[in-house]
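Participant: Sharing a structure below in structure tokens format, with a few things to ask.
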Amino acid sequence: MPEKVKQQPHRDSLRAEHLWSSLQRKGSTARISSEDRKSALSDEYLGRRASYASDKSGGSRKVPDVPKIEVHFEHDDEKKDDEKKEVMSPDSADVSAYSYHRATSASIKGLPLTYFHKLIEVWGGPEALAGKSTTDVVVAFILPMTSDTQLSLCEHYLHDEAMKDIVQDAEWFISHAWKNPFLDTISALDNFFGERGMDPSTTYIWLDFASSSQYFNEPRSYEWLANIIKPIKNTVMVLQPWIDPLPLKRCWCILEVYVSKLTEARFHVALTASQTEEFMQAMHEDPEAFFNVLANTSCEKSQASLDHDRAAIFAIVREKIGFTKLDTMVMQVFVDWIREHLQGKIAAAEEDVLEQADWLALLGRFDHLTGHFDRAEPHLMQSYELRKAGHGDEHPKTLVSLHYLSVTYTAQGRYEEAEPRLLKCIDSGKKVLGDEHPNVLKSVDKVAILYRRVGKLHLSEKYQRNCLASRKRVLGIDHADTLASMNNLALVYKNLFRFKDAEILYREAMSHLFKLLGEDHSQSLTLKLNLGSVYLDQRRYESAEPFLTSAYDHQIREHGEAHYETLTTMNYLGVLHTRTARHETAEKLLQKCIDLREEVLGDKHADTLVARLNLAQLYRIMSRYDEAERMLHEWMQDRPHAFGDDNIYVLIVRHNLGLVYVAKKEFKKAEEIIVETLAKKRVALGESHPQTIEAMLAVANLYWKQGRYTDARTLFHECATKSSSVLGEDHPDTLHAIVDMAEFERDEGSHKDLE
């Protein structure tokens, strides 16, 4: 060992002895200056180390006895950062090359959990450290203790014969935020290892402030961190507080999650006992609470105490993965942890089937939230059967399981199975809980969504209007469920082409939600997305695009490409690019959307069919008629039974197929389809619906091409008049109808001249 870092008996033994004598004369508490504190806690503490030996009989190690003192923190918060920087930036002449090499090398050395409890007693006990952050503890104690060698505390002890045996290879890497209370971090670890029945005296943990030197500010590399986490094989993140976890806002913690994933280390989460109880209770009441915490995590917004640390970590992220994929990875790590935790609860409740049913219901709901519907279904079905057998057919808990099972069937496109179950939830719920109980209203909302998805728009509107009115009365305008009903009713209006009504509702909901959650919250972005889709349907493309792209970027970062919400926006963007003649981009987006939906939902799911329809329309617009015709015929063959002949999507498909035949000059085939489609739209949607007007224009153009000028003239005038009245004179569809009519009239005039 180089001469400069040999352990000396005392650096200033006389001064230290005087300080200790003073402290002991004053009793268990004392106030000392910052400089004196460093001397006392580094020199004299190290000088008075007790021998450390193994207990051969039990195999556990004894923590050395040290004098107990209570230190009152003298420096204020404003001085804290300056003091830390001063201590962490020693003159280079005072630091040996050996110390620098050892301090900056990756080490997996750690200390037993019990030793940190002994240090707490040495540092004055829990009362003295109450409310103090890990930063406070490092500045007040760790830095002075290691000032001789400027190594980590573990490396420091390894150079001391009396202390070196306490240091061993760590088996648990601890990820935590320095701003959290230090005692909470240790308490969370006590709870984590205690739940697993592990002996804290033989549980060796890697805590950065003890296992890594705090004297050298050079940014650590990805490889440095990987060389620590990979051999340790277990990462424990102290996720305090669970409702707003600081580690998810800290650069180092985010990087530690990433490295843990890449090195295949097992990932765990530690909470204090009280936080664990709060977390599980909140999950039972509303699993979306923690899901929304994760969903709104943005790695690019994370911070670090030192600017160069943040810059270095961001450089690593940009080089190796990018922030969007990192956000998705972090999200998935925590989703996996929650699933593993819930599966453990299910296994532990084997002898109590009703408790097991509760955990199964929670796991099923969480799988549904993350878009894994096939995984959710068996958990919800098992929960329903257990609750039905144990509680009865109409017990509120049984109805909750049936509700979420039905919602999962809806998400899977199994509408015929979902509808009667949701109606049972409504009827039984009203009998047991009352007409306007929140659980009953949830089922009303979901059956309205089901009817909207199968094209029964007027029935959907009826249920959704009733649900919104009840929620306003029972829950209030600012409740999340009320705002969700406003969003869902606006979607019905949008599908009915009542765009003004839809926009009014969206803007009202946004004004309330932005105040509650902020504009960047995932639910706020969903409203923006839906408003963007209204603008898209109104052909207001410049207004639509910012909303759609903003939502898409957020969803890619939050959920990844394969999540159902991301795919919804991807589909909208494909339509936007189609209508703005960016056909190559549109084709790539729509094809990707189809591929991912087929993989996640299946090729016959309603959402997959919508994307397939949009791609077929793109091919028609691009004059790729054979491809469009093939896709439209396949669509009709694959449509679910719930899509009857008057379903809105079926009518749109038939309309497009007729236009393909017109383009291919197969007028007889075209007439059979287009005329029949117009008749069905008039009945199903009404004479003034934009879809009916569009079909009317198609028939008018067909008659024109067939030379049936009288029939065509009547339809052209009716089409232009109704479009102007319904959509407005400046709407693109109105202008399109007027242009077609003008060209027809010019051609009709030429035809008369020839006659």
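The values are calculated or read from the model by the stated rules, or taken from the named source; none is laboratory data. Not measured: the values here are computed from a predicted model. Every residue, glycine as well, gets a Cβ built from its backbone with ideal geometry; the counts of neighbours run over all protein chains shown. Accessible surface is based on the protein model in full, side chains and every heavy atom, while ligands, DNA and RNA are left aside. Shrake-Rupley method; radii C 1.70, N 1.55, O 1.52, S 1.80 Å.
Participant: Return yes when V333 is in contact with a helix residue (DSSP H, G or I) (Cβ under 9 Å, 6 or more places away or on another chain) and within 23 Å of E264 (Cα to Cα) and no when it is not. Lay out the reasoning, then the answer.
Facilitator: On the way: in contact with a helix residue (DSSP H, G or I) (Cβ under 9 Å, 6 or more places away or on another chain): yes; within 23 Å of E264 (Cα to Cα): yes.
Against the criterion (in contact with a helix residue (DSSP H, G or I) (Cβ under 9 Å, 6 or more places away or on another chain) and within 23 Å of E264 (Cα to Cα)), V333 qualifies.
Participant: Taking into account only those residues within region 300-325 that are among the basic types (K, R) and modelled with pLDDT of 80 or more, which is least open to solvent (accessible area, probe 1.4 Å)? Don't jump to the end; show me each part of the working.
Facilitator: Filtering region 300-325 for residues among the basic types (K, R) gives 301, 310, 318, 320, 325.
Remaining after also requiring modelled with pLDDT of 80 or more: 301, 310, 318, 320.
Values: K301: 130, R310: 65, R318: 144, K320: 84 Å².
Result: R310.
Participant: Could you check region 188-210 and list, in sequence order, the residues that are within 33 Å of the chain's Cα centre (by Cα) and among the acidic types (D, E)?
Facilitator: D190, E195, D208
Participant: Looking only at region 463-480, which residues are of a type in the set (V, I, T) and surrounded by 14 or more Cβ atoms within 10 Å (Cβ to Cβ)?
Facilitator: Within region 463-480, the first condition is being of a type in the set (V, I, T), and the residues that meet it are 474, 477.
Matches in region 463-480: V474 only.
Participant: Looking at S443, S428, S460, which is the one that is more than 19 Å from D646 (Cβ to Cβ) and without any contact (Cβ under 8 Å) to a residue 40 or more places away in the chain? First the steps, then the outcome.
Facilitator: On the way: S443 fails: without any contact (Cβ under 8 Å) to a residue 40 or more places away in the chain; S460 fails: more than 19 Å from D646 (Cβ to Cβ).
Within the list S443, S428, S460, the selection yields S428.
Participant: Right, another one. Would you point out the residue of region 344-359, among those that are touching a residue at least 24 places away in the same chain (Cβ under 8 Å) and more than 20 Å from F279 (Cα to Cα), that is surrounded by the fewest Cβ atoms within 10 Å (Cβ to Cβ)?
Facilitator: L354
Participant: Kindly provide the set of residues from region 588-620 that are hydrophobic (A, V, I, L, M, F, W, C), open to solvent by 20 Å² or more (accessible area, probe 1.4 Å) and at pLDDT 95 or above, ordered by number. Outline the logic, then answer.
Facilitator: Initial filter on region 588-620 (hydrophobic (A, V, I, L, M, F, W, C)): 589-590, 593-594, 596, 600-601, 606, 609-611, 613, 615-616, 618.
With the extra rule that they be open to solvent by 20 Å² or more (accessible area, probe 1.4 Å), the set shrinks to 589, 596, 600-601, 610.
If the condition is that a residue be hydrophobic (A, V, I, L, M, F, W, C), open to solvent by 20 Å² or more (accessible area, probe 1.4 Å) and at pLDDT 95 or above, then L589 is the only one that fits.
Participant: Considering only residues of region 558-584 that are of a type in the set (D, E) and under 21 Å from A606 (Cα atoms), which is most open to solvent (accessible area, probe 1.4 Å)? Reasoning before the result, please.
Facilitator: Initially, region 558-584 is screened for residues of a type in the set (D, E), giving 558, 561, 565, 584.
Remaining after also requiring under 21 Å from A606 (Cα atoms): 561, 565.
Values: E561: 78, E565: 58 Å².
Checked region 558-584; the qualifying residue most open to solvent (accessible area, probe 1.4 Å) is E561.
Participant: Which residues, counting only those in region 136-171, are open to solvent by less than 30 Å² (accessible area, probe 1.4 Å), outside any loop (DSSP other than H, G, I, E, B) and within 29 Å of F267 (Cβ to Cβ)?
Facilitator: If the condition is that a residue be open to solvent by less than 30 Å² (accessible area, probe 1.4 Å), outside any loop (DSSP other than H, G, I, E, B) and within 29 Å of F267 (Cβ to Cβ), then D136, V137, V138, I142, L153, C154, E155, Y157, I166 are the ones that fit.
Participant: A follow-up question, please. Please specify each residue of region 335-378 satisfying the condition of being outside any helix (DSSP H, G or I) and not small (G, A, S). Let's see the steps before the verdict.
Facilitator: Looking only at region 335-378, we keep the residues that are outside any helix (DSSP H, G or I), and these are 349-352, 370-372.
If the condition is that a residue be outside any helix (DSSP H, G or I) and not small (G, A, S), then E350, E351, D352, T370, H372 are the ones that fit.
Participant: Which members of region 503-526 meet the condition of being touching a residue at least 60 places away in the same chain (Cβ under 8 Å), open to solvent by 20 Å² or more (accessible area, probe 1.4 Å) and either assigned to a helix (DSSP H, G or I) or touching a Phe, Trp or Tyr at 6+ places or on another chain (Cβ under 7 Å) (or both)?
Facilitator: Of region 503-526, the ones touching a residue at least 60 places away in the same chain (Cβ under 8 Å) are 520-523.
Still in the running and open to solvent by 20 Å² or more (accessible area, probe 1.4 Å): 520-521, 523.
Scanning region 503-526 gives a single hit, Q523.
Participant: If you don't mind, another one. Need pairs with beta-carbon distance below 6 Å; first residue more than 14 Å from H368 (Cβ to Cβ) and within region 379-390, second open to solvent by 60 Å² or more (accessible area, probe 1.4 Å); sequence gap 6+ or separate chains.
Facilitator: The qualifying pairs are L386/V353; R387/K397.
Participant: Also: Consider H372 carefully, then state whether it is free of Cβ contacts under 8 Å to residues at least 12 places away in the same chain and closer than 26 Å to L609 by Cα. Don't jump to the end; show me each part of the working.
Facilitator: On the way: free of Cβ contacts under 8 Å to residues at least 12 places away in the same chain: yes; closer than 26 Å to L609 by Cα: yes.
Against the criterion (free of Cβ contacts under 8 Å to residues at least 12 places away in the same chain and closer than 26 Å to L609 by Cα), H372 qualifies.
Participant: List every residue pair whose Cβ atoms sit under 7 Å apart, with the two residues 6 or more apart in sequence or on different chains, where the first one lies in region 711-728 and is under 20 Å from L496 (Cα atoms) and the second, anywhere, is open to solvent by 40 Å² or more (accessible area, probe 1.4 Å) and not aromatic (F, W, Y).
Facilitator: A720/I738; K722/S688; S723/D733; V726/S688; L727/D733
Participant: Follow-up. Hey, among T408, T398, which residue is in a helix (DSSP H, G or I), open to solvent by less than 40 Å² (accessible area, probe 1.4 Å) and within 28 Å of L609 (Cβ to Cβ)?
Facilitator: T408
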